[in-house]
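The values are calculated or read from the model by the stated rules, or taken from the named source; none is laboratory data. What you see is a predicted model; the values in this text were computed from it and never measured. We place every Cβ from the backbone using ideal geometry, glycine too, and count neighbours over all the protein chains shown.
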Amino acid sequence: MLNPWIYRAPAIGWGFLILYICLAPVEDLDPGFSIQISDKLVHFILYFSWVLLLYFASSRAYKHRLSRRKMLAYWIAAACVGGAVEFLQGAMDFGRNADVMDGLANTVGAITGIITSRLFHKILE
């Protein structure tokens with residue numbers, strides 16, 4: 001049997017990546033070229049992917065069905081982290097601004113990730 005941390009490591013790493021991307025000073029993230037993409041879409045994708053990884057880790061690669069309570073806990077945790085990140089962006093002076101719509105995109109991405117994870121799980125059963 002594989003070590004359960006093999007399943008958890010991507011989700012933990014992605015969570016730290018979200019914190020870095022969302023809280024690092026703006027100058028540190030400038031790639032030197034311009035990409036025209038919606039900031040809200042980026043927030044949605046970050047949290048959508050994070051919840052997919054959390055679900056995958058907890059279900060041990062979709063072998064165990066997750067309870068609704070655990071799925072709700074993941075959604076609440078992702079929404080709280082998203083809210084805290086937005087609050088910190090407004091509180092810190094790194095060229096970032098808090099935006100309620102970013103927090104909403106985080107929350108919608110998380111709930112969409114849970115629904116998608118559940119559908120993947122049903123398909124793979």
Within segment 103-125, can you find the residues that are buried (at least 16 other Cβ atoms within 10 Å of the Cβ), among the hydroxyl-bearing types (Ser, Thr, Tyr) and over 14 Å from His43 (Cα atoms)?
Ser117
Within segment 78-102, residues being in contact with a Lys or Arg (Cβ under 8 Å, 6 or more places away or on another chain) and either more than 11 Å from Leu23 (Cα to Cα) or surrounded by 15 or more Cβ atoms within 10 Å (Cβ to Cβ) (or both) number 3
Report yes if some residue within segment 61-69 is closer than 22 Å to Glu125 by Cβ, modelled with pLDDT of 90 or more and surrounded by fewer than 18 Cβ atoms within 10 Å (Cβ to Cβ); otherwise report no.
yes
If I filter segment 26-42 for residues that are modelled with pLDDT of 80 or more, buried (at least 17 other Cβ atoms within 10 Å of the Cβ), on the phi < 0 side of the Ramachandran plot and outside any loop (DSSP other than H, G, I, E, B), do I get at least one hit?
no
